[in-house]
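Inspection log for the structure reproduced underneath, given as structure tokens.
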Amino acid sequence: MKDFSVVIPVYNSVETLEPTYNGIAALMHKRQASFEVLFVEDNGSEASWRKLLELKRAHSSQITLIKLTKNFGQNGATLCGMSEAKGKFILTLDDDLQVDPAELEKLITRQEETGSDLIYGTYREKAQHHLRNMGSQLVKKIFRHLEGGANIGSSVRLITSTMAENVKHHLQDHVFLNQVLSWYTYDTQFVEINRNKRKEGQSGYSFIDLMKITFRLLFLYTTIPLKFMIAVCIISSLASLVLAGYYIYQHFALGHGLGFLSLVVVAISLILAAISVMGIYINRMYNARVKKPHFAIKIKL
């Protein structure tokens, strides 16, 4: 068994791939640790795959290449790499070189100090991304306080092979790794790492993409919308009873019309909203039965 496996999902990156591998190799040689690097190409550009093949020819014993049959997203590609990893500890890192591979030593050191199951590398957000950062913090608070203290970390992680084995057999549809990992352990540590500007291309996640991820998280990994709708329906029902009593009083005491039309409109709106939320959760049950694959391997070298 290797000491470390480093899993790197790859999507359309070319120029950053060799420096990323060289940085990992330098760190592992410094620590005199055995290692492997698993590049999981998520059905991006052919230029990425050609560069990976070039790296494989130069470092065949340390590099494993995996090409997926289609684009499964960062979480699917990372899960694929974790499933194939043979290290005692598994490190995950992005392919854009925003985080220097040397920063992984901070995660390794923290794990040696604490023996924790899961270590996240976190970083201070830049001031120019205020709106995005506020949204990110809001989502984290929602999960932390309403979903059993779940910790949403980052894509820079260190996990034990035991944790990886648990997650590998997880059957949740639309796997979001950080949330799933938090279900298996509370023994989580955070260490601050440095983040640089992107060396190549632009972020794959626009503001709209991040909003979609947020809603997907809320509906696929929590019962928050269902609980919210239940609370709204209960409160509205009580309010409707009070209003109905008020209208009845006005009708018999003052001779006014009943004015039930507004109550009917409110009731219909709540019923439609409740049916929509229930439909989403029924769809979750359907997806759980279908068991869509999280990834499918086309080539492994």
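Applying the condition of being closer than 17 Å to residue 192 by Cβ and exposed (fewer than 13 other Cβ atoms within 10 Å of the Cβ) to the stretch 116-128 and asking which residue is modelled with the highest pLDDT yields 124. Do the conditions hold for residue 8, that is, is it outside any helix (DSSP H, G or I), in contact with a helix residue (DSSP H, G or I) (Cβ under 9 Å, 6 or more places away or on another chain) and aliphatic (A, V, I, L, M)? Yes: the conditions hold for residue 8.
Residues that are in a loop (DSSP other than H, G, I, E, B) and at pLDDT 80 or above within the stretch 150-194 comprise 154, 155, 156, 185, 186, 187, 193, 194, listed in sequence order.
Take the conditions touching a Lys or Arg at 6+ places or on another chain (Cβ under 9 Å), of a type outside the set (Gly, Ala, Ser), crowded, with 22+ Cβ neighbours inside 10 Å and over 20 Å from residue 157 (Cα atoms) and apply them to residue 52. Does it pass? Judged against the criteria, residue 52 is a match. Residues satisfying the criterion are absent from the stretch 58-69 (criterion: among the charged types (D, E, K, R) and in a loop (DSSP other than H, G, I, E, B)).
Every residue, every condition in (1) of a type outside the set (D, E, K, R); (2) in a helix (DSSP H, G or I), yes or no:
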position	(1), (2)
81	yes, yes
88	no, no
94	no, no
102	yes, yes
105	no, yes
109	yes, yes
121	yes, no
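Can you tell me how many residues within the stretch 33-75 are more than 17 Å from residue 296 (Cβ to Cβ) and of a type in the set (S, T, N, Q)? Number of matching residues: 6.
Of the residues contained in the stretch 12-35, none is found to be touching a Leu at 6+ places or on another chain (Cβ under 9 Å), closer than 20 Å to residue 294 by Cα and of a type in the set (A, V, I, L, M). Taking every residue in the stretch 66-87 that is over 16 Å from residue 176 (Cβ atoms) and assigned by TED's automatic domain parsing to the domain that holds residue 51 and pairing it with any residue that is in a loop (DSSP other than H, G, I, E, B) and charged (D, E, K, R), at least 6 positions away or on another chain, the pairs with Cβ-Cβ distances below 9 Å are 67/42; 68/42; 70/42; 71/42.
The values are calculated or read from the model by the stated rules, or taken from the named source; none is laboratory data. Only a predicted model underlies this, so the values are computations on that prediction, with no experimental measurement involved. Because the Cβ atoms are built from the backbone with ideal geometry, glycine has one as well, and the counts that use them run over all protein chains shown.
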